Every structure is written in structure tokens, then in C-alpha cells.
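S.K.: Let me give you the structure first, and then I'll get to my questions.
Just so it is clear, none of the values below were taken in a lab; they were calculated from the coordinates. Just so you know, these numbers come straight off a predicted model, no measurement behind them. Reconstructed Cβ throughout: ideal geometry from the backbone, glycine too, with neighbour counts over all protein chains shown.
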Amino acid sequence: MSELSAQYNPKEVEERRYKQWEAAGTFNADPDPSREPYTIVIPPPNVTGILHIGHALNNTIQDILIRTKRMQGKNALWVPGTDHAGIATQNVVEKKLAKEGKKRHDLGREAFVKQVWEWKEQYGNTILRQLRSLGSSCDWRRTRFTMDEGLSHAVRKVFVKLHDDGLIYRGNYIINWCPRCQTALSDEEAPRVQTQGKLFHIRYPIEGSDAHLEVATTRPETMLGDSAIAVHPEDERYKDLIGKYAILPLVKRRIPIIADEDVDREFGTGAVKVTPAHDPVDFVLGRRHKLDFYNVMTDDAHMTAVPAAYDKLDRFDARSKLIRDLEEQGFLGAVDEHVHNVGHCYRCNTVVEPRLSLQWFVRMKPLAEPAIQVVKDGKLKFYPDRWTKVYLNWMENIEDWCISRQIWWGHRIPAWYCDKCLNLRGQWADPTLAGKPTGLPGIIVSEVQPSNCPTCGSGVLRQDEDVLDTWFSSWLWPFSTLGWPAKTPDLDYFYPTNTLVTAQEIIFFWVARMVMAGFYCMKETPFTDVYIHGTVRDITGKKMSKSLGNSIDPLDIIEKVGTDALRYTLVTATAIGQDVFLSDERFTVGRNFANKLWNATRFMVSQPGWQFVKNPHSALNRDRLSLADRWILSRLNKTIIRVTCAIDDYQFNDAANGIYDFLWRDFCDWYVEIAKVQISQEKAETTLRVLWHALDTALRLLHPIMPFVTEELWQRIGELAGRPAEKQTIMRAAWPKQDSYDDDPVAESEMDTLQAIVSAVRAMRSELHVPADSRPDLFLATPDAQAATAASNQESLLRALTQSGKVHVDAQRPKDAAAAVVHGIEVLLPLAGLVDAAKERVRLSQRVDQLAKQLAGTEARLANNEFTSKAPPEILEGAKAQQRELQDALKKTRAYLATIEAMAK
RNA sequence: GGGCGCAUAGCUCAGUUGGUUAGAGCGCUGCCCUCACAUGGCAGAGGUCAGAGGUUCAAGUCCUCUUGCGCCCACCA
């Protein structure tokens, strides 16, 4: 084993180990009634995706859970896959076409979709490869894609079921329209962004008078589609005008002045222009007051059906020109700066246009009911809990979901039209049709293509041109990936899944909708726990994103420091639900940790004498254990508990810290150093056993967080133990169990004293500049016989750890010595020739001051009757013990100070 | 307009139910290349826990308010 290099090389190990795992089928899980399942479905990354730091965090957490549960004996399944990401993917391919000077319409639908599939085959697996380099232990045999035949079938099935249940309808509504993507968007897909705009005041002349009515608008271009002006019915300023008509400037259309209670008297002028085809509020007004609907924009947001001067102008050019014209003609009033929230396309960031169009919707209220109840019943829990409120708030105020998209890449809506029958029904464009259920003659909704119109028998049917919102397939993911709608053994065994790990951004898009679909299709929650991790931000607090150029590329980090280091650092940075702030440098902590482990193992395996140790993994002979042996086992036991509980509670940072503290502080800093001494003292066999056991256990505890280095090292030490080859993967090793037999408070307390003595001596040597190569004798004095015995038992250890000559316990005290008092034990280093008395005097007097101050504090508390009468006994006892100890330490330290001062005279 | 989160060492952050002297990493200072590791070891400096009030024997931790940052939701055109 001496061939191990002094520095860990993660790259070689990680690539090799991952291949071995995957080839051996270690990630795979199949139904097994004898074992309990544990299931996670991956939030499917977009096929267009490349691994970013958010994926890295998200998937590291999932992998930690899966690996832990797998080691704990659960049948752990992690289902991977990708999302077809309708708009995003279409945009990518359209951009590619644009470089060739082509548009999708040049190709036609079929050829275009074919191109997208080709693109998907070529690039769509990039993200999955990258997830592998992250160490993700997914069952790759089960990789699914939202447009797989199986999942597409699930989509059609749900659509038809919703339709048959009266939960899907088609109608004319104002929806969010992205003029660039040229498609409808759901409300969630058009987030509002605070924008600095202008509020334009425009004067509308009143018919038959010289007066005018002033309205305020942020989108003056829509005035070309105005069909009324609305005021509040009780607004004194305008009461007389209600029922009269205004003349729409520039267009010269005669529009009524109407009264409606929804008008806010406080805002603007208190009079509002009504544009039913271009604003959701106005749309409602328009229907309520039976106004005309003027659609004045094309689908790419150019003006249409307007006076020639504005025809074909882009909406923003039209705005500028309108303002100029209004001003010239005296219709423009004040122009105020105005901050408002404007919807933007979540795919291309274009300002969305509220647009009246014919779309498909899902009625959400009925679906939301069980999804609300399950959370209120505590059967579905959010971690951290605060997201419960966010979820419920959205769920309880849910709006219908616009699911049709005017793009080509996606699941085509399984609805067919018989134009013959439809023509009898009139035009869909009639806004009064809005909200009417489908199921009208001439509309056939079906899982499979119908051959004839059931009403008239016509064989001429055309399928709806639109595709479904991407999330219409994602919301089925927890069961569609397991085979639904077929009743598969997988579905029966692995559903419902256990934990969903995701980011807050998609609680509404995805999490909430999955719960609804879970109940609708499976009558059961799709998962019981939702862990919401934080958003990864840079050190200035900005969200990391490619467009901001502030992102840390996880692949870059893997290249530089390795996957384990990346994972370790990500996890330590993520306190439950807190946002994660990262800088490049932080990853060196993870790298150093892996390297530390590597070297601790290197030390261990390089010890001679393993040939005498049979079965190091067999039970330890406890009679032979030294103080340090018992101590490290006790510490290990505590660490097992801490790490296990932390992972159970989704406190991954605490799990990481717990194992780090054990391995670095307890194991490397103390136990390994002590082991060197013990080995030299013919206690080699027991020491090697304890070393082996502690490291073996700790590696297993660390494995979910740092899978590669732990596998590598675990196998190395496994060779020492002659571990059977078939057990040679830590992935399937048993998760460490706590053993109360290892709890040893006596050893922990004695070790604590020993450590305090060692640190005190080192501190004295350091502060008093005792030369490194000198080995003065060490004197320990204590009135406590037990402590004295304990100290003498550790004589050789103390000598080695403190670089002392001889160690004298309760022997004659040296006349002139540097002194410290720890746990009631006087720790003395003779001054003769070594120590500068003046320095020691300063040091001691500082120490006296410090002790006196602490004592004063403790005594003040004890002098307080309220404290002594009300504090619980253990706290009171603690304070008293502290008082005694401080008094003792102070007395002894003062005595030495006096000695030194006497010497100085 | 509602709701949420954050504010602790120079920096980035832990601190789970209130309880002895508030921790870690990085950075900084001093000493050490000691035969696992300088990606390391030992020792050390550094904090009125954002501010004000309150509850309590006891508050970083609970309550109220204030300030500053960040986020989410909502049809003020």
C-alpha cells in the first residue's frame, strides 16, 4: 500500500469507480416484497439543460438520501429522466435554424418536429452524462423522457379523463401571450417583473360638449382597441357623465362611459379606458357590460385593424407614435414615472401581451381539494415547514390552468374537429363562448385518433394544432415513470414515492400540480416529504445564472477538485432551506478533506503488523482497550447518532460537519497520534483493530456525501481485513448502527482532561517560546487521588504528546515553574534555563485576571436568590461546580504568580 | 397591498427544543517541512450575536417595534 501517493487524485478514482458501480448494477432496484422501498423521482432536467450549480446541489441531496437509505437496507430507487421542455427546446432548434436563415414554417410541422427529435437524440443526453459525473446513483435502466411513448400515452389518458370529467374546457380568454415565442403561457410562466414605466394621461373628448374625460394608462397603444371608459358609480366627479359617450381620439370611435364598482377611484384619474381584448380586467368588464371586443394586435405584437397610420407598427413603436400624435393634437395630459409589474416570458424574457385567444384550460379548483387536505392532515410535509403556507396559499387561490401552447414541440392535444359540425355551431372566436364546456358536436377528444365524426359520420377530421404545456406531462412524472396507466408491479411497489427534492422556483409549476395529479390519477399523494433546498447564489447574493455570468460551473469544480469535494462543499453550504452562497475558494475545503482522509488511510495501511491481525472487522476485545481506544469508540458512537439523525432530518450540513469533526478533529488530530504511541508500545494489535474499525465505520457514514473517496479507501482497508470480494462495494455496506456498549462517559471525561493537559503544555511552550527541540520534564500535581492515578496511567502518552522528558505525577514540585491549572490539576514546566520568568509573569497575571472575572460572574449568579431558588437542580449544580473549579484554579494560579514575583525581586 | 427569509469574528456561514466560558472554514499572527498529510501540525488574536423595548432566575435563541438587504404572491389601469 506504500504506493499510494501523498496527494489524492480524485479524477482517476471517480471515473473508474463510477463505471464499476454502473456496470455491476449497483444502482438498480426492482420490486422486492421482502424489503421496504424508498423511492425518489428526479426533477427531470430539460433536455436542453447543461449541468449548473443548482442541479449539482439538487442531485447531490437526492443522491445522499438514496445512498443512505440503500445502506440502511431499503430497496432504494432513484428514477432518472429528462423533460422535453417544449418552448425551451423549440427555441433552441429555431435558433439553430435561424443561423441557416430558416424559420420553422419554412420546414413545416412534420419536418421541424423531426429536426427537434434529431437534436434531442444528439444533445439531449448531455445532462444525464453530467449527472453521472456528479456520482448520481440513479437506476439508469429506467431513464424516462416526457415524450416517450409510455409517458405520452399517460398524457393523452389524463387529458381525456379530465375532459370526460368536465374538468377541461376550451374557450376564449385573455391569456399571457409571448409575441416572440408566439404562444400562450400559463400565469406561472409569465412572472411579473418590477419595471419602470410611464403612466400616460390621455384626454377623451366627451360627445356633444367641449369637455373631456382624462384617463391614465401604461399601455397607450391598446387605446386603439378601446370600447368604453369606466368610472366608479359613486364617483362624484364623473357621475353626470355615466351613460354619455366619449370620442376615442385618433380613431374617432364613439365609446360609452360606463359605471363599474371595480374601478378604483384613487388610481390615476379615477377613469379607466376599457380594452376588452387586451387586458384581463377589461375583458371581465367587457363581458359584463357587453362591450365590443377589438383585437388590434397580431400574434407577433404588431398593430392591426387600426387606422392606417399605425397599421403594422410594432407595439412599442406604435406607443411612441401614438404619444407624439396625441400630444400634437392636444389629447395628451401629464406623463408620470410609474413603477409597475409587467409579465415577462420565462423562456425568453419578452414582455408578454395579454391577448384574447381560444385556448384549452383545466379547471383546477376540484383538483386542488385533496391536495390541500393532504397537507392540512400532515400526510404531506414540507421541509422546511414554511413552504407549507406558500403552497396552501397558492392552492387555495388557484386559477384555471391554460394548457394549450401554439408551438410544435410537445404532446399534441388529443382533440379533433369536424368542421362540418363546427360550422353549424358558429365561430369559436365568439367571446361569449368562453367558459362553455366542450363536448359539443364536432369536437372529439380521444386517446387515439378517431376515424369518423360521431355526430355526422364525416371522415374529414383535423387534429387541434396546439400542443400541451410541458408541465402537463411533468405533473404525471411520479407515476407515469413507473408505468401508469398500466398497473405495473413497479407502480404497485414503488408508489407513492418518499421524498421530492426540489427548489422553491418550481413549487407551483411542478410540486403542487404533481400532488393534484397524484390524487386525481392514483388517489394517493405522490410523495410524503418535500424537501425544498435553497437557491444557489454568488457571494453578492445574486442568483447564479448563466445569463448573469456569475455562475460557478460544477464541471469546472469537478475538474479542479473532484466530485466529492464539490458535493461536500455544496452540502456544508446548505443549512436547511437557506439559500446557498458560494465562491470558488470554498471548494478547496472539500478537496482538503478528501486529501486528509486519503492520508489518514495511507498512514494506517502502511503500518506493519497487519498480518498478525486476523479479522479486524470482528468484535474488539474490550478488556484490552486503552483510554484512547475507548474514547474514540465512544466518540464514533456519538457521531453515528448525529449523522444518522441529521440525514433523517434533512440537516445535511450538520451531517457533513459531524463526520468532518469526527474524522479530522477526533480521529486524525488525536487518535492517530495516540495510535502511533500505542503501536510503539506493543499494543499494536488492539490499536490497529480500533483504527480499522473507526475508519471503516466513518467511511460508511461519509459515503453518501463523498461517495468516491470513501469507496476507494474502504476497499483499500477491506483488503487488509480480507473482506470477501462479493462485499467489495461500500454502496451496499451496512449503515453504521449505534451501540450503547460503546458509550463511555468516563473515557470521554478522562480523555478530556488528558487533552486539556496536553493543550496547556503546548500553549505554555508556544507562548513562552520554549525551543522546539528541548524536552523539559513535566510535573502534574493534584489533590485528587483518582485524577492522579488516571494521569500516571497515561504517563507515556503525555510524554509523547507534549514533547516532555520525564513526567512526574504528584512528585516534588519544581521550585520555579511555568504553570497552568486544568481540571484541578496543576500542570508545571520547570523554568530552569528554559523559560523567561518575565514572560511567565505576564502570562500568569493575565490568566489570573481572566479567572477572577469568570469567577465573579459565576458568584454573582449564585448570590442571586431568584436563580438559586428557581433554576433546575442540574443547572444549579453546574454553577456550583464551576465556582469550585474556578476558585481552585484561581488560588493555584495566584500562588504561582506569587512565586514568580518573589523570584523577580 | 399581503406573505416569507436574512442580519452572529475581517470574509462565508453553523448554532435543533432558552441553561455554564457563542462555534467552524477561509483570512490574519507566531512557531514547526516531526518518518499519513504544508491540500499539513501546534498555539494565538479577533464577536456589546443589526438597533430599541419586553417576557424570564437565565435570551444569539421567545414576543413587540425599528432599520437595512433579499425573495414570493396580488387584475391599481
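S.K.: Kirkwood hydrodynamic radius of region A:592-666 from all distinct Cα pairs, in Å?
M.R.: On the way: mean 1/r = 0.0696 Å⁻¹.
Here the Kirkwood hydrodynamic radius works out to 14.4 Å.
S.K.: OK, next. Tell me, what ³J(HN,Hα) does each residue in region A:777-784 have, in order and in whole Hz, if you take phi through Karplus 6.51 cos²θ - 1.76 cosθ + 1.60 with θ = phi - 60° and put x for Gly and Pro?
M.R.: Couplings: 5, 10, 10, 10, 10, 8, x, 7 Hz.
S.K.: Now for a different question. How big is the gap, in Å, between the Cα center of region A:283-302 and the Cα center of region A:147-198?
M.R.: Taking the Cα centre of each part, region A:283-302 and region A:147-198 sit 20 Å apart.
S.K.: Select from A:Gly166, A:Gln130, A:Leu224 the residue farthest towards the positive end of the dipole of region A:121-270; place +1 on Cβ of Lys and Arg, -1 on Cβ of Asp and Glu, and compute about the Cα centre.
M.R.: Result: A:Gln130.
S.K.: Along region A:235-240, what does the Karplus equation 6.51 cos²θ - 1.76 cosθ + 1.60 (θ = phi - 60°) give for ³J(HN,Hα), rounded to whole Hz, x for Gly and Pro?
M.R.: 3J(HN,Hα) across region A:235-240, in whole Hz: 7, 4, 5, 10, 3, 5.
S.K.: Now a separate question. Mind jotting down the distance between the C-alpha centroids of region A:326-351 and region A:1-34, whole Å?
M.R.: 58
S.K.: Moving on to the next point. Nearest 500 deg cm²/dmol is fine: what mean residue ellipticity at 222 nm does chain A get from its DSSP H runs of n ≥ 4 alone, each adding -39,500 (n - 2.57), divided by its residue count?
M.R.: Helix contribution divided over all residues of chain A: -13000 deg cm²/dmol.
S.K.: Quote the Stokes-Einstein diffusion coefficient, in whole µm² s⁻¹, for region A:1-139, based on the Kirkwood radius over alpha carbon pairs, a temperature of 25 °C and a viscosity of 0.890 mPa s.
M.R.: Details: Rh = 17.7 Å.
The calculation lands on 139 µm²/s.
S.K.: On a 0 to 90° scale, report how tilted helix A:707-720 is relative to the longest principal axis of chain A, with both axes built from alpha carbons and the result rounded to the nearest 10.
M.R.: 30
S.K.: Hey, could you grab the Kirkwood Rh for region A:1-61? Inverse mean 1/r over distinct alpha carbon pairs, Å, one decimal. Mind showing how you got there, number by number?
M.R.: Details: mean 1/r = 0.0644 Å⁻¹.
By the Kirkwood definition, the hydrodynamic radius is 15.5 Å.
S.K.: Quote the convex hull volume per residue of region A:757-825, based on C-alpha atoms, as a whole number of Å³.
M.R.: Details: hull volume 5.6 nm³, N = 69.
That works out to 82 Å³ per residue.
S.K.: Mind listing the long-range amide H neighbours of A:Thr455? Cut-off is under 5 Å, sequence gap 5 or more, other chains count too, H placed in the peptide plane at 1.01 Å from N.
M.R.: HN-HN under 5 Å from A:Thr455: A:Gly442.
S.K.: I've got another one for you. Which percent of the Cα-Cα distances in region A:778-878 go past 19 Å?
M.R.: On the way: 2898 of 5050 pairs.
Percent of Cα pairs beyond 19 Å in region A:778-878: 57.
S.K.: Based on the alpha carbon coordinates of region A:153-254, what radius of gyration and maximum Cα-Cα distance (Dmax) apply, in Å?
M.R.: Considering region A:153-254 through its Cα atoms, Rg and Dmax are 20.7, 65 Å.
S.K.: Provide the packing ranking of A:245-257, A:500-512, i.e. peptides ordered by the mean count of other C-beta atoms within 10 Å per residue, highest first.
M.R.: Working: A:245-257: 17.8, A:500-512: 20.3.
By packing density, highest mean first, the sequence is A:500-512, A:245-257.
S.K.: Run the Debye formula on the Cα coordinates of region A:56-102, all scatterers equal and no solvent, and tell me log10 I(q)/I(0) at q = 0.15, 0.29 1/Å.
M.R.: -0.59, -0.99
S.K.: May I pose another question? How would you rank A:527-535, A:92-100, highest first, on the average number of other Cβ atoms within 10 Å across their residues? Walk me through the numbers before you get to the answer.
M.R.: Values: A:527-535: 20.7, A:92-100: 13.8.
Packing proxy ranking, top to bottom: A:527-535, A:92-100.
S.K.: Here's a follow-up. Assign unit charges at the C-beta atoms only (+1 for Lys and Arg, -1 for Asp and Glu), then state the dipole size of region A:792-905 relative to its Cα centre in Debye, rounded to the nearest 20. Numbers along the way, then the final one.
M.R.: Values: 17 positive and 14 negative charges, 58 e Å.
So the magnitude is around 280 debye.
S.K.: Report, to the nearest 10°, how far helix A:53-71 tilts away from the longest principal axis of the Cα atoms in chain A, using its own Cα long axis and a range of 0 to 90°.
M.R.: 60
S.K.: Please compute the length gained on full extension between A:Lys806 and A:Thr588, using 0.36 nm multiplied by the number of residues separating them and subtracting their Cα-Cα distance. The partial results should precede the final answer.
M.R.: Numbers: separation 218, 0.36 × 218 = 78.48 nm, distance 4.12 nm.
Result: 74.4 nm gained on full extension.
S.K.: Could you estimate the translational diffusion coefficient of region A:721-766 from the Stokes-Einstein equation, with Rh from the Kirkwood formula over C-alpha pairs, at 37 °C and 0.692 mPa s, in whole µm²/s? Don't skip to the answer; put the middle values down first.
M.R.: On the way: Rh = 14.5 Å.
Translational diffusion coefficient: 226 µm²/s.
S.K.: Based on Cβ point charges of +1 for Lys and Arg and -1 for Asp and Glu, what charge dipole magnitude is obtained for region A:694-772 about its Cα centre, in debye rounded to the nearest 20?
M.R.: On the way: 8 positive and 13 negative charges, 72 e Å.
Roughly 340 debye for region A:694-772.
S.K.: Of A:Ser152, A:Gln115, A:Leu57, whose Cα points farthest to the positive end of the dipole of region A:1-152 (charges on the beta-carbon: +1 Lys, Arg; -1 Asp, Glu; origin at the Cα centre)?
M.R.: Positive-most Cα among the choices belongs to A:Gln115.
S.K.: Another question, if that's okay. Suppose every Lys and Arg Cβ carries +1 and every Asp and Glu Cβ carries -1, with no other charges. What dipole size does chain A come out with about its Cα centre, to the nearest 20 debye?
M.R.: Roughly 1280 debye for chain A.
S.K.: In addition: What are the ³J(HN,Hα) couplings of region A:792-807, residue after residue, when phi is run through the Karplus curve with 6.51, -1.76, 1.60 and θ = phi - 60°? Round to Hz, x for glycine and proline.
M.R.: My calculation for region A:792-807 gives 5, 5, 9, 3, 5, 4, 4, 4, 5, 6, 10, 6, 9, x, 8, 10 Hz in order.
S.K.: Just the C-alpha atoms of chain A: what Rg/Rh do they give, with Rh taken as the Kirkwood radius? Before the final figure, lay out each step's value.
M.R.: On the way: Rg = 37.3 Å, Rh = 33.5 Å.
Ratio of gyration radius to Kirkwood radius: 1.11.
S.K.: Can I ask one more? Please determine, in degrees from 0 to 90 and to the nearest 10, the orientation of helix A:315-328 with respect to the longest principal axis defined by the Cα atoms of chain A, where the helix direction is its Cα long axis.
M.R.: 60
S.K.: So for each of A:467-476, A:702-711 I average, over its residues, the number of other beta carbons within 10 Å; can you give me the resulting order with the highest mean first? Show your work: numbers first, answer last.
M.R.: Values: A:467-476: 25.2, A:702-711: 27.0.
Those peptides, ordered most packed to least, come out A:702-711, A:467-476.
S.K.: Taking the Cα centre of chain A as the origin and placing charges on Cβ (Lys, Arg +1; Asp, Glu -1), which of A:His344, A:Ile175, A:Val13 is farthest toward the positive end of the dipole?
M.R.: It is A:Val13.
S.K.: List the residues whose amide H sits under 5 Å from the amide H of A:Asn46, counting only those 5 or more places along or on another chain, with H placed 1.01 Å from N in the peptide plane.
M.R.: A:Asp83
S.K.: Using modelled amide H (1.01 Å from N, peptide plane; none on Pro or chain starts), what sits under 5 Å from the amide H of A:Tyr294, excluding residues fewer than 5 places away?
M.R.: When sequence neighbours closer than 5 places are left aside, the close amide H contacts are A:Ala277.
S.K.: Excluding residues on the same chain fewer than 8 positions from A:Lys523, give the lysines whose Cα lies under 27 Å from its Cα.
M.R.: Reachable lysines: A:Lys69, A:Lys74, A:Lys157, A:Lys161, A:Lys365, A:Lys376, A:Lys379, A:Lys381, A:Lys389, A:Lys487.
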